[in-house]
Structures are given as C-alpha cells and as structure tokens.
Amino acid sequence: MVLSMSVTSVGDAGAGYPDALAVFHRGISKTLHETDGASVPDRGADGLSRHRAEADGLTITIGVDPARDRIVTAARDGDASVAEQVVLEQLCRYALGATPRELVEHGLTHVIERLRDLEAPRPVAGILTPRNAGPCFERPRKLMRALRAVYVETVGSFEGDNDFDRPFSESWLATDPGVKRERLGGLVDAYRQNAGLTASFMEIFEIDEYDRVVVMFGDGVDVWDKPPHLLALERWLRQETGERIEVFVEIAKDSNRIRRL
C-alpha cells in the first residue's frame with residue numbers, strides 16, 4: 001500500500017506540519033514537490049530475504065540481497081502525518097543500496113541532514129539527533145529499533161564496526177564530468193552568496209577525479225572561521241545533490257617569501 005501525501009506549497013511551509021520542528025518545514029515542503037509521494041515498493045524480486053517490522057501503527061519492509069548484504073527494496077505503510085510520511089519516504093530511499101545495519105544505525109541521521117534548513121536557527125542546544133528532532137521522528141525511531149530487533153532475531157547480531165561507505169549513485173557516475181563540475185561549481189557559488197562571502201573569501205581550487213571539492217581560503221580568513229564553513233559547505237553540497245560529496249581545503253602557501261625559505 002502506498003500512502004498519498006498532500007502537497008503543501010513552499011510559501012505555506014510549516015502550515016501542515018504541526019509535529020515537525022521549524023527547521024524541517026522548508027525541507028519537507030521541498031521534498032514533497034520533488035518526490036510527489038513516490039514510494040520504493042518491493043516488486044517481488046527473487047532471492048531476497050524479507051524483513052518486516054512494526055511500531056505504533058507504522059510498518060517497514062525491506063528486501064535484502066543476502067549475498068551482498070544490501071537492501072534492494074524498501075516500503076513503508078501505516079497511518080502517518082505528512083511530516084512522518086516524508087521522513088519514512090526519505091528513510092526508504094536511503095535504504096536502497098545500504099546494509100540493514102547502516103539503515104537502522106544512520107538512516108534517520110541522514111534524513112535529518114536531508115530535510116534540515118541550513119539557514120534556520122538551531123532548534124536545540126548541541127547536536128540534532130533523531131532523539132531530539134521532534135515528534136515526527138519519534139515513531140520512525142521506534143520503527144528502526146523494531147527493524148533492528150527483527151533482523152537480529154532472523155539473521156543474527158551485528159558484529160564488528162559499521163564500515164559502510166555509500167558510493168555515488170549510478171546516475172551520478174553516468175553524468176559527464178564537465179556537467180558535474182559545472183553543477184558543483186554553481187552550488188559552491190550559491191553557498192558563498194547565501195553566506196554573504198566574496199570570491200576572495202573562498203574559491204574552488206580543484207574538483208578532482210573522485211569529485212572531491214577542494215577549496216582555498218583567502219589570506220584574510222581567520223583560522224577559526226574555516227572549519228565551520230567547510231562543514232557547512234559539505235552539508236550543503238550533499239543536501240542539494242543527494243550524493244556523498246567530500247570537501248577538503250588546499251593549504252595556501254605563505255605569502256611571505258622569507259618565511260617560505
């Protein structure tokens with residue numbers, strides 16, 4: 001069963017999301033327009049092990065390729081608010097290609113980063129987590145705990161470290177390198193403009209063959225201002241592309257010729 005989602009205009013962001021923190025209102029509205037409530041159903045692929053969990057009226061079913069330990073299908077069901085539906089849809093989308101362990105341990109953290117409005121005030125003191133991200137994350141959080149219990153009971157406990165590292169999507173890998181570089185460059189420019197920064201504050205030094213973005217800061221940038229901007233830029237690029245873009249900094253040479261000797 002695929003639940004339909006009523007689309008709220010971006011201009012009315014938050015009007016229909018009483019169970020969501022304000023920091024997620026814009027992301028929820030944007031995601032509704034992008035996905036139009038699309039789901040990722042199980043189409044009956046053969047050879048998959050299926051695991052179904054339920055919590056507080058919500059359900060999730062994942063189909064796992066046991067040979068690769070990767071989720072191939074994911075679908076959710078149950079009566080949910082608009083905000084909860086968006087959280088669950090994003091969770092199902094993140095599930096594809098991930099390991100079951102990655103989904104239950106980091107899936108909701110990804111959803112938070114995907115929906116969070118970077119320009120909105122911080123909603124809580126400290127780190128925003130699924131535990132303090134508001135009511136629309138409460139039932140999905142219980143659902144992930146239930147899914148973990150079901151999977152462990154069926155397959156066995158998780159052992160060792162979670163070393164899952166999501167690769168780029170097939171569509172991103174198939175995109176022409178020049179197109180990718182143009183898009184990343186435009187997003188870096190947009191970040192800089194939104195942050196009120198000039199080109200002399202931060203500029204792209206290189207986008208390498210692995211699509212890692214290397215930036216260089218200007219001479220007048222204080223050391224303590226650099227790390228927050230690197231983290232914010234990386235979060236912005238990942239949010240806008242849906243890909244695991246990494247941002248690095250090129251160390252500028254000392255402009256003083258004597259100190260360089």
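From the list Val72, Val64, Val104, which residue is open to solvent by less than 40 Å² (accessible area, probe 1.4 Å), more than 15 Å from Thr31 (Cβ to Cβ) and at pLDDT below 95?
Residue meeting the stated conditions: Val64.
The residue that is surrounded by the most Cβ atoms within 10 Å (Cβ to Cβ), counting only those in region 107-138 that are closer than 24 Å to Asn194 by Cα and β-branched (Val, Ile, Thr), is Val111.
Conditions tested, residue by residue: (1) over 19 Å from Cys92 (Cα atoms); (2) part of a loop (DSSP other than H, G, I, E, B).
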residue	(1), (2)
Glu113	no, no
Pro130	no, yes
Ala133	no, yes
Leu143	no, no
Ala149	no, no
Glu153	yes, no
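Residues of region 216-234 that are modelled with pLDDT of 85 or more and open to solvent by 80 Å² or more (accessible area, probe 1.4 Å): Val223, Trp224, Leu231. Taking the numbered list (1) under 19 Å from Glu240 (Cβ atoms); (2) part of a helix (DSSP H, G or I) in turn, Phe168 passes all entries but (2). Only one of the listed residues (Asp211, Asp189, Asp225, Asp219) is outside any strand (DSSP E or B) and in contact with a Ser or Thr (Cβ under 7 Å, 6 or more places away or on another chain). That residue is Asp219. For first residues located in region 218-236 and among the small types (Gly, Ala, Ser), partners that are open to solvent by 60 Å² or more (accessible area, probe 1.4 Å) and lie 6+ apart or on another chain with Cβ distances below 7 Å form the pairs Gly218/Ser200; Ala232/Leu118. Yes or no: Val124 assigned to a helix (DSSP H, G or I) and aliphatic (A, V, I, L, M)? Answer is no for this residue.
Asp161: under 15 Å from the mean Cα position of the chain (by Cα), surrounded by fewer than 16 Cβ atoms within 10 Å (Cβ to Cβ) and not hydroxyl-bearing (Ser, Thr, Tyr), yes or no? Answer is no for this residue. May I ask you to list the residues in region 196-215 that are crowded, with 16+ Cβ neighbours inside 10 Å, under 20 Å from Pro227 (Cβ atoms) and under 21 Å from the mean Cα position of the chain (by Cα)? Within region 196-215, just Val213 meets the criteria.
Kindly establish whether Thr154 is of a type in the set (S, T, N, Q), open to solvent by less than 40 Å² (accessible area, probe 1.4 Å) and under 17 Å from Thr61 (Cβ atoms).
For Thr154, the condition - of a type in the set (S, T, N, Q), open to solvent by less than 40 Å² (accessible area, probe 1.4 Å) and under 17 Å from Thr61 (Cβ atoms) - is not met.
When Leu184 is tested against (1) in contact (Cβ under 8 Å) with a residue 60 or more places away in the chain; (2) part of a loop (DSSP other than H, G, I, E, B); (3) under 12 Å from Val247 (Cα atoms), only condition (2) is not met.
The values are calculated or read from the model by the stated rules, or taken from the named source; none is laboratory data. In this text, all values refer to a predicted model and were calculated from it rather than measured experimentally. No Cβ is skipped: glycine too gets one built from the backbone with ideal geometry, and neighbour counts run over all protein chains shown. Note: areas computed on protein heavy atoms with side chains; ligands, DNA, RNA excluded. Shrake-Rupley method; radii C 1.70, N 1.55, O 1.52, S 1.80 Å.
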